[in-house]
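Structure record follows, encoded as structure tokens.
The values are calculated or read from the model by the stated rules, or taken from the named source; none is laboratory data. Everything numeric in this text was worked out from a predicted model, so none of it was measured. Heads up, the Cβs are rebuilt from the backbone with ideal geometry, glycines too, and the neighbour counts pull from every protein chain shown.
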Amino acid sequence: MQSPSDTAQDRSAHPARLQVETLRWRDGRLEMLDQRLLPLQVEYRRYESAEGVADAIRSLVVRGAPAIGCAAAYGVALEGARLSASRSETFSSGLERGFDLLRRSRPTAVNLAWALDRQRRVWSGLSAAQPTQIAHALLAEAHAILQEDIAANRALGGHGSALVPNDARILTHCNAGALATGGYGTALGIVRSAAAAGKRVTVVADETRPVLQGARLTAWELTQEGIGVTLIADVAAALLMARGEIDMVIVGADRVAANGDVANKIGTYGLAVLAQRHAIPFYVACPLSTIDLSIRHGSDIPIEERSADEVTGFGGVRWAPDGVAVRNPAFDVTPVALVTALITDRGVVQPVTEAGIRGLCATAARESSL
């Protein structure tokens, strides 16, 4: 179902930019960078079916809400291509199964459902077409979703850069960079845009327990690009804030409720409380596709609980005693009252209110229909 395909080329010729793609389409297959192996190995895995992509999403080969959405879109396209020589009935039932497998792979990130809904609309619009025609259309939509995500991240980065002062010391949590998106990143996209605008910025990256996305991924991305980054243990953030060593917090999001409550990697809520205590701006970077207007409050966002193995050890090393009870929620919800602003690809919502969020989404929908 999947196999290693190749490794990244030597990056010495272009030291100033990230030399890997989170996901890419090659020779009729989806290739995704295996983020479980970073930073020690840079390896791509190849996928040929919705089942394979769903397993990659579930097992964290790919992670980050926008990247998961892109991967799911390609998962549907792969399933369409795989079944394109089948009779229409077989094609339809198989594709439906693919949608279901992908939708159930992870529950919290709304971009997954958003991308699948886009692919379903493509399929519904071609209900009388032959399987080969539908398969071509699904692939074209997956390509479009990927390119739109990269463009949205760049636009978001531009809006966010305007809020970043020169010499800013930016605390971030988890990884909301190119690795979490189709490319460029959300929270780290703002950092990239600020640096490109000539601002001197440095990043303080939380390690992000329990699977260390900040240590393994964020620190790796930024060192690849020559952007100053300091790695800290999650529990050190409070001390640095109290000492006046943090100027702003910028995080990504996996889902934003209509009222502005934000679901993001576990530990985000605690940082927001600390930021308010120390009068530090707390910004959330999210494309509009991460806003879920169907969910009114953050308490209604499903929170994924993951395996105890992620907490009792790491990398094949166990440090907790056998039989200990474990809780491993992958996300928490930050109340809107703690969010200084939402930075989106269509502009900044500040202060964060439901009216402001709905107004921005409505304006974007009108502009897209023109």
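The set of residues in the range 88-102 being surrounded by fewer than 16 Cβ atoms within 10 Å (Cβ to Cβ) and touching a helix residue (DSSP H, G or I) at 6+ places or on another chain (Cβ under 8 Å) consists of Ser88, Arg97. Just to be sure I understand the filter: pairs with C-beta atoms under 9 Å, separated by 6 or more residues or on different chains, first member in the range 297-317 and assigned by TED's automatic domain parsing to the domain that holds Ser105, second member not in a loop (DSSP other than H, G, I, E, B). Which pairs pass? Filtered contacts from the range 297-317: no entries. In summary, Asp234 fulfils each of the numbered conditions (1) more than 20 Å from Ala180 (Cα to Cα); (2) of a type outside the set (Val, Ile, Thr); (3) surrounded by fewer than 21 Cβ atoms within 10 Å (Cβ to Cβ) with the single exception of condition (1).
Restricting to the range 122-134, name every residue that is assigned to a helix (DSSP H, G or I) and either among the polar types (S, T, N, Q) or surrounded by fewer than 16 Cβ atoms within 10 Å (Cβ to Cβ) (or both). Result: Ser124, Gly125, Thr132, Gln133. Checked against the criterion of being surrounded by fewer than 24 Cβ atoms within 10 Å (Cβ to Cβ), touching a residue at least 24 places away in the same chain (Cβ under 8 Å) and aliphatic (A, V, I, L, M), the candidates Ala194, Ala242, Ala257 yield just one match: Ala242.
Residues checked against (1) in contact with a strand residue (DSSP E or B) (Cβ under 8 Å, 6 or more places away or on another chain); (2) among the basic types (Lys, Arg):
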position: Tyr47; (1), (2): yes, no
position: Ala50; (1), (2): no, no
position: Val61; (1), (2): yes, no
position: Ala67; (1), (2): yes, no
position: Ala71; (1), (2): yes, no
position: Arg82; (1), (2): no, yes
position: Glu89; (1), (2): no, no
position: Gly98; (1), (2): no, no
position: Leu102; (1), (2): no, no
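Yes or no, residue by residue, for (1) in contact with a Leu (Cβ under 8 Å, 6 or more places away or on another chain); (2) under 26 Å from Glu221 (Cβ atoms); (3) at pLDDT below 95:
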position	(1), (2), (3)
Cys70	yes, yes, no
Val76	yes, no, no
Ser105	yes, yes, no
Val110	no, yes, yes
Val122	yes, no, no
Glu141	no, no, no
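The single condition among (1) within 30 Å of Gln147 (Cβ to Cβ); (2) touching a Ser or Thr at 6+ places or on another chain (Cβ under 6 Å) that Ala257 does not satisfy is (2). If the condition is being closer than 17 Å to Gly157 by Cα and in contact with a helix residue (DSSP H, G or I) (Cβ under 7 Å, 6 or more places away or on another chain), then the range 344-363 contributes Thr344, Asp345, Arg346, Gly347, Val348, Val349. Of the residues in the range 268-282, at least one is in contact with a Ser or Thr (Cβ under 6 Å, 6 or more places away or on another chain), at pLDDT 95 or above, assigned to a loop (DSSP other than H, G, I, E, B) and within 30 Å of Ala355 (Cβ to Cβ). Does Glu221 satisfy the condition of being crowded, with 16+ Cβ neighbours inside 10 Å, in contact with a strand residue (DSSP E or B) (Cβ under 7 Å, 6 or more places away or on another chain), without any contact (Cβ under 8 Å) to a residue 40 or more places away in the chain and among the acidic types (Asp, Glu)? The answer is no for Glu221.
Restricted to the range 302-334, and to residues there that are in contact with a Phe, Trp or Tyr (Cβ under 8 Å, 6 or more places away or on another chain) and not hydroxyl-bearing (Ser, Thr, Tyr), the residue that is nearest to Val262 (Cα to Cα) is Val333. Within the range 276-328, being of a type in the set (A, V, I, L, M) and in contact with a helix residue (DSSP H, G or I) (Cβ under 9 Å, 6 or more places away or on another chain) holds for Ile280, Val284, Ala285, Leu288, Ile291, Leu293, Ile295, Ile301, Ala320, Val324, Val326.
Taken together, the residues in the range 73-96 that are of a type in the set (Lys, Arg) and closer than 19 Å to His143 by Cα amount to 1.
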